[in-house]
Amino acid sequence: MEFEPKILGIACNWCTYTGADLAGTTRLSYPQNLRVVRVMCSSRINPSFIFRAFQLGADGVLVGGCHPGDCHYNTGNLYARRRLAVTKKILEFAGIEPERFRVEWISASEGNKFAEVVREFTEQVRNLGPQTKFKIEREPMPEKI
Amino acid sequence: MSINFKHIEDKLKTEAKKLLEQGKVSIVLAYGKGYDDHHPMPYVARNAADVGNIVFNEFCTANLARYLVRYPRGTKIAIAVKAADSRAVIQLIQEDKIKRENLVVLGIPVSGMKNSKTGEIIDSKTTCGLYNPVLYDILLGKEVHGKSVISPYDVLAEYEKMDKDARWDFWKKELDKCIRCYACRKACPMCYCDPCFIDQNKPKWGEKSPESHGNLMYHLTRFHHLAGRCIDCGECSRACPVNIPLYLFHKKVAKECEEMFGQVAGMKIEDKPTLVNFRVEDSDKILE
Amino acid sequence: MLKKTAINKISELAVQLMQKGTLIAPVQEAAGFNFREISDAKQVNLNFHNTILSPKAAFFPQMEDFVQYQTGQSIMEAVPVELNVKPTFLFGVRPCDVKSFEIMDIHFSGTGVVDPYWRARREATTIFGYAFDLDEPAQAEEFYQTLGIGAADPDGSDIFMIRKGETLLLKGITPKGEKLLTQLSRLADGSANEEEYFRNYISRGRDFKTRYTCVDDKNIAKKLEDIFDNGDFWMKVSDACLSCGVCTFVCPNCYCFDICDETLFGKGTRRRVWDACMFTDFTLEASGHNPRAQVFQRLRQKIKHKYSYHVRKYGVISCVGCGRCTRHCPVNIDIFSIVEEAMTV
Amino acid sequence: MSRIGVFVCHCGLNIAKTVRVSELAKFASTLPDVVVAKDYKFMCSTPGQEMIANDIKKHKLDRVIVSACSPLMHEQTFRKVLENAGLNKYLVTIVNIREQVSWVTHDIEEGTAKAKAVLNGAVYRARLLGPLTSRVIDVNDDVMVVGAGIAGIQASLELANTGKKVYLIEKNSTIGGHMAQFDKTFPTLDCSACILTPKMDAVMQHKNITLMTYCEVSEVKGFVGNFDVTVRQKARYIDHSKCNGCLACTEKCPGKGVSEWDEGLVKRKAIHIPFPQAVPQRPIIDRDACVFFKKGKCRLCEKVCEHKAIDFEQQDTFTTVKVGAVIVATGYDLMDTQPLVQYGYGKYPGVYNALEVERLFNSTGPTGGKVTLRDGKEPQAIAILHCIGSRDKNNYEHCSRVCCMYSLKFSHLFKEKTTADVYQFYIDMRAAGKGYEEFYNRIIEEDVKFIRGKGARVAESADEPGRLVVEAEDTITGKFVKLPVDMVVLSPAMIPRSGSKEIARLFNLSTDKNGFFMERHPKLAPLSTMSEGIFIAGVCQSPKDIPDTVAQANGAAAEALTIVEKDKMELEATTAMVNPSSCCACQNCVRVCPYGAPFFNEQKGVSEINEALCKGCGLCASVCPASAIIARHFTNDQVLAEIEGLMEF
């Protein structure tokens, strides 16, 4: 069976999440590997969410926010950009393929872009294969449970 | 380039005495005698009589900036700083943990310090490699001329060119050694959170037991928290009882921050810490 | 009965022990020596002064899983983690560390409450004590002699080992040790000369000087109690303390632990992990109150626990003078210097 | 241990077509803490809502998960259901299995699997949710209007007439704005001054309006219902409490400044009122033009002023005004066309911009209403160039909307006042407004020549020195046109008023790429902004004509009224708070918050958050190294749990 990556999406409420809804409303199909967490702003994303997501078995993490300058909270995504850039460098130096982590600015009207990004990113992560470095291997539980 | 440690010690004593006698400061953070000459300790002089206990030699490596946040806000403090230590002071001022006007900074230009545990010379391999303090009110001794031959980031080349799988193997092996004694964060002048995020139960950011994944979570997040703030004094690595080369990761993050944001931690009082700052013209390229 | 082997043949002895059970012995690592479970006999290395971490982990590992459970169901189900202890050989333990096991026994099985994990491991383990090299001066951090422990004390070991040049002499001290020695075919018999050397070595060890002269431990306990409220003193001695956990984690006698639940996807493990009284949250109460919020309170607690409360309660100092805490303290705090200073207050 | 009810919606076939809904409900019932799981055709229908309400009671549910369409669609609906059933409304979790699952796949296997994964995430998160309480605050019932052009005037009057107290802030020394500069207004050609000045006067007279001219907003604190706005009164060097407006001073003044009012076409006195009908009728001294300020002596005005109103020592003063809502109506500027060197503005005296031409037509203008060139001659041929800098990807992409119509108005007025030939160079003629197409048709009849083609260049005529040549491609004939004229009128792009960036910063408004203020929603909330309690009206939002501006002003007034009409108001509960025992006093939160909600309490040595200011973005929580900040409803443990749930299957 072909490897089906698990991809975590973290999307801001006002742009990317709405854009993802638009992709649905316009019936654009894209791979079902993405599971989205909705946060109010991309700046809400704590870098540790991303480290943790990889530990919990994510093969890729996609963060979506408003375009710089269009943030619902004015400047949130400008902070996010810096913080997530550092997160990416840390992942890379720790030995995680940087291609597994992606930040995209997708506005509420860019349903098309959302679908396109998900397709492309899913393919990219699929080609990288399973992410095993950070992943916590679940210990087998005793029979009784 | 020889440093006259005795001379520095004498000047340190003289200045400390003056400051305490004139009531300009209530404490002087300096170094004192340890259980032998090779193991001096951080020392707090509270009155002129204490000053006699101050020592300074090549083993006085501890970054005293770590202690600044221990005293109530507004305490007048004199602190002896070497190059990297002064950057920590600047960074703490930037972060408003201490106020410039409450400090008398006694700068010590120095090179060739030695690790009291191993006797190894400390250079830009494990620290920022500066000789002269960036910030001081009184300079004890003469500025050291010249520059370290190697840049503080040279040591990274070997790891940067490693294959990513090899790099992961390297870090996994290193971080697996961690026993979670938290000496790194306690020795770090910039790690002043108490409780630290990893001590939190709600949320629980990572496993508390010293296993690979909890260790990874603790260290990676700590690297992120110190991004743009680490002043490369190397204290975390020297404090580590199991020799994890934490300085490598910190240097790497510092290097990337410098390249992306054009700002070096702890160099200018008026800077804003890079990760709680932004420029509209930051490029999206940094995310690639 | 004295046995012997060449130092360079230790791996052969190791192989034999590994066939009988688990071997824990010093191995050289980047940071220095540590006791590790041996997977490759060649790792065993006796060219060490002492290890970074104490050998207490052999009986009291940093992590000990108790139960596994699943959350979220109407009844939380849990099953205990079975303790699977094989015969274990703890090889190359310095006399002061051997002594520490005895002190730790008080807590884990001597007070009426028995810790089954500690006891099971303790009973399954044969201890190979290993005398310090008397020709090499004691390190500045060490003060075991101060606490009445000789550099070549065989007490508490099942088998005691002394190095004579390139030869390792082994002697059974307990019946368990004696019996084991007879089963180790790789060992040669020691000569009468060597028997003599062995006996002399032990008595020489009693006079082997560490940094401090002997003190009266009863007085320490009393004195420390008297100066509990001397804030200036405790503040001063803790000025340098970073409040990290290095000293307690390397200490052979620190036994404090925390209980952690590590849950993932609803399935979890309840485990015991080492804790340190130097951590801020060690005494943090659920209400938010922390009776030892300040560094000096925690350092005072640590010192008084070892040298005062423990003496009052169990009649023995909870310290064997191995010097690890001093050696590994990031800021060179020396615990016994503080005790000495306290005596002059 | 919580008791969760899971309700899976079919949404007809919208969901059920690509997600096996009953299987999903069955799967849900196996998840931790789930005590009931059901599927139903339309969960948002009345029976669907009743089913949830009944199950809340029957199964003593304390969490509800609705697996249906996007939360942006029906979250509020289901929050109501919970509220009516006696549960805190924040205990509902919506799982988006329509927009983000069923509608984006054709494969029922894939759809069902993903729906399970996301539902599991919701269960993990729901278990950690807690009830939240909305906060109720007192509301100040005054309103501030910033900018006293026609939008600001209209909004102020409407509000004042309802009995609300209004503070009207104007940067210039008179109110009226650009509209006061116009001579006629399209398409009715009624006199601008005739319709505006009565309103300006009404503002002056209104007992509920506090007019603050020559003032700028310097600081905004507070939040909806309770703004503290600090206003800087710029020094006028005249004590208006003493001045009776006799204007004797202006007669004697030797200082000469450039008349902003007349778009720099003429000079005016240093001590001046901008134009005869200015409101208030009180002069100010232009410091840069005043002989005394420049040379240290003169003080002629002081000598003639019988009321001793001149005060050369006057300083800027600051007052803080408390209001419940703010309307921003800061208007526009014309783009500076000088950098567009191809049009020769500023180089050739015959090139004018639209506002200059407005003044030429006006009887109070520099020429007394006569259309003459700078050298006093009457033009024989006039070209009006549309879309200068606007509809232009190299400058401003937007259409300035009013230029077509005012250009037609200009044509008419040129025809009325001169004998010149009038040419219109246009890209498209946009006449979408009441009576606009009719106006266009009327102008066509008036012998105005229309050339469809954007003016490409204005150059000096080689044949007739002193005349200009307009070059363009006539896109109808496809021919290149070179037209000799005497006067060129540029219709430059309308851009936000200078200083709007600062206004955006002060009031926390977002701006679009051209700097116009962003509305909360382009269609459904065109007058509100992302900053609660701040409304926008007029051209500061985007170019528009007077009728639209007035309509917006009325709308904004009504919006502001909905806030200040109430004594109390409810604030969103999803704000952030600081757990003081974890706060490490790094003050990162204080540094990053776009709204200034966190502040540092020196006494306690910890940060605190003014929740009334908090918008709930969560930025502070993510920059808090000690995890001391709790972003309610998006707490670290809730998000982490959701991630864990999403990654399990």
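The values are calculated or read from the model by the stated rules, or taken from the named source; none is laboratory data. Values in this document were obtained by computation on a predicted structure and should not be read as measured data. Cβ placement follows ideal geometry from the backbone for every residue including glycine, while neighbour counts extend to all protein chains displayed.
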Under 6 Å by Cβ, and 6 or more places apart or on different chains, what pairs join a residue from region D:366-389 that is farther than 23 Å from D:TYR426 by Cβ and at pLDDT 90 or above with one that is of a type in the set (Val, Ile, Thr) and surrounded by fewer than 16 Cβ atoms within 10 Å (Cβ to Cβ)? D:PRO366/D:VAL266
Taking region A:27-80 and keeping only residues that are in contact (Cβ under 8 Å) with a residue 40 or more places away in the chain, at the interface with another protein chain (Cβ under 7 Å from one of its Cβ atoms) and hydrophobic (A, V, I, L, M, F, W, C), one is left with A:LEU28, A:PHE51, A:ALA53, A:LEU56, A:ALA58
The one condition D:ALA53 fails out of (1) among the hydrophobic types (A, V, I, L, M, F, W, C); (2) more than 46 Å from the chain's Cα centre (by Cα); (3) surrounded by 15 or more Cβ atoms within 10 Å (Cβ to Cβ) is (2)
If we keep just the residues of region B:21-58 that are within 10 Å of another protein chain (Cβ to nearest Cβ) and out of contact with any Phe, Trp or Tyr (no Cβ under 9 Å at 6 or more places or on another chain), which is surrounded by the most Cβ atoms within 10 Å (Cβ to Cβ)? B:ALA45
Restricting to region C:136-158, name every residue that is within 22 Å of C:LYS3 (Cβ to Cβ) and either surrounded by fewer than 20 Cβ atoms within 10 Å (Cβ to Cβ) or modelled with pLDDT under 90 (or both). C:ASP155
Qualifying residues in region C:251-296 (those that are in contact (Cβ under 8 Å) with a residue 40 or more places away in the chain, within 10 Å of chain B (Cβ to nearest Cβ) and of a type in the set (Ser, Thr, Tyr)) - the one nearest to C:MET104 (Cα to Cα): C:THR269
Restricting attention to region C:150-162, does a residue exist that is over 19 Å from the mean Cα position of the chain (by Cα) and not in a helix (DSSP H, G or I)? yes
Output for region C:111-126, where each listed residue is under 19 Å from C:ASP155 (Cβ atoms) and touching a residue at least 40 places away in the same chain (Cβ under 8 Å): C:ARG122, C:THR125, C:THR126
With respect to A:LEU84, determine if the residue is under 13 Å from the mean Cα position of the chain (by Cα) and within 9 Å of chain B (Cβ to nearest Cβ). yes
Restricting attention to region C:52-103, which residues are of a type in the set (Val, Ile, Thr), closer than 25 Å to C:MET18 by Cα and either within 14 Å of chain D (Cβ to nearest Cβ) or touching a helix residue (DSSP H, G or I) at 6+ places or on another chain (Cβ under 8 Å) (or both)? C:ILE52, C:VAL85, C:THR88, C:VAL93
Within region D:449-464, track down each residue that is in contact (Cβ under 8 Å) with a residue 40 or more places away in the chain and either assigned to a loop (DSSP other than H, G, I, E, B) or under 31 Å from the mean Cα position of the chain (by Cα) (or both). D:LYS454
With the structure loaded, tell me whether D:ARG127 is in contact with a Pro (Cβ under 8 Å, 6 or more places away or on another chain) and away from chain A (no Cβ under 14 Å) or whether it fails that test. yes
Determine, yes or no, whether A:GLY9 is more than 7 Å from chain D (Cβ to nearest Cβ), within 27 Å of B:PHE261 (Cα to Cα) and either among the acidic types (Asp, Glu) or not in a loop (DSSP other than H, G, I, E, B) (or both). yes
With the condition kept exactly as written, say whether any residue in region C:330-345 is in a loop (DSSP other than H, G, I, E, B) and either outside the structural domain of C:PHE249 (by TED's automatic domain parsing) or surrounded by fewer than 19 Cβ atoms within 10 Å (Cβ to Cβ) (or both). yes
Looking only at region D:30-43, decide whether some residue is touching a Lys or Arg at 6+ places or on another chain (Cβ under 6 Å), charged (D, E, K, R) and over 27 Å from D:THR105 (Cβ atoms). yes
Might you check whether a residue that is buried (at least 16 other Cβ atoms within 10 Å of the Cβ), of a type in the set (Lys, Arg) and assigned to a loop (DSSP other than H, G, I, E, B) occurs anywhere in region C:86-107? yes
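Condition check ((1) in contact with a Leu (Cβ under 6 Å, 6 or more places away or on another chain); (2) surrounded by fewer than 18 Cβ atoms within 10 Å (Cβ to Cβ); (3) part of a loop (DSSP other than H, G, I, E, B); (4) hydrophobic (A, V, I, L, M, F, W, C)) across all residues:
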residue: D:LEU61; (1), (2), (3), (4): no, no, yes, yes
residue: D:SER67; (1), (2), (3), (4): yes, no, no, no
residue: D:MET73; (1), (2), (3), (4): no, yes, no, yes
residue: D:PHE78; (1), (2), (3), (4): no, no, no, yes
residue: D:GLU99; (1), (2), (3), (4): no, no, yes, no
residue: D:HIS106; (1), (2), (3), (4): no, yes, yes, no
residue: D:GLU110; (1), (2), (3), (4): no, no, no, no
residue: D:ALA115; (1), (2), (3), (4): yes, no, no, yes
Taking region A:15-26 only, how many residues are more than 9 Å from chain D (Cβ to nearest Cβ) and either outside any helix (DSSP H, G or I) or at positive phi (or both)? 1
The correct count of residues that are in a loop (DSSP other than H, G, I, E, B), more than 7 Å from every other protein chain (Cβ to nearest Cβ) and acidic (Asp, Glu) in region C:226-250 is 1
Can you find even one residue in region A:97-105 that is more than 10 Å from chain B (Cβ to nearest Cβ) and part of a strand (DSSP E or B)? no
Residue pairs, Cβ under 9 Å, 6 or more apart or interchain, first in region D:590-605 and over 12 Å from D:LEU619 (Cβ atoms) and within 12 Å of chain B (Cβ to nearest Cβ), second among the polar types (S, T, N, Q) and in a loop (DSSP other than H, G, I, E, B). List them. D:PHE600/D:GLN587
In region D:627-635, is there at least one residue being in a helix (DSSP H, G or I), more than 7 Å from every other protein chain (Cβ to nearest Cβ), under 24 Å from A:ASN74 (Cβ atoms) and in contact with a strand residue (DSSP E or B) (Cβ under 9 Å, 6 or more places away or on another chain)? no
Options B:GLU207, B:GLU281, B:GLU258: the member that is in a loop (DSSP other than H, G, I, E, B), more than 14 Å from chain C (Cβ to nearest Cβ) and more than 17 Å from C:GLY245 (Cα to Cα): B:GLU281
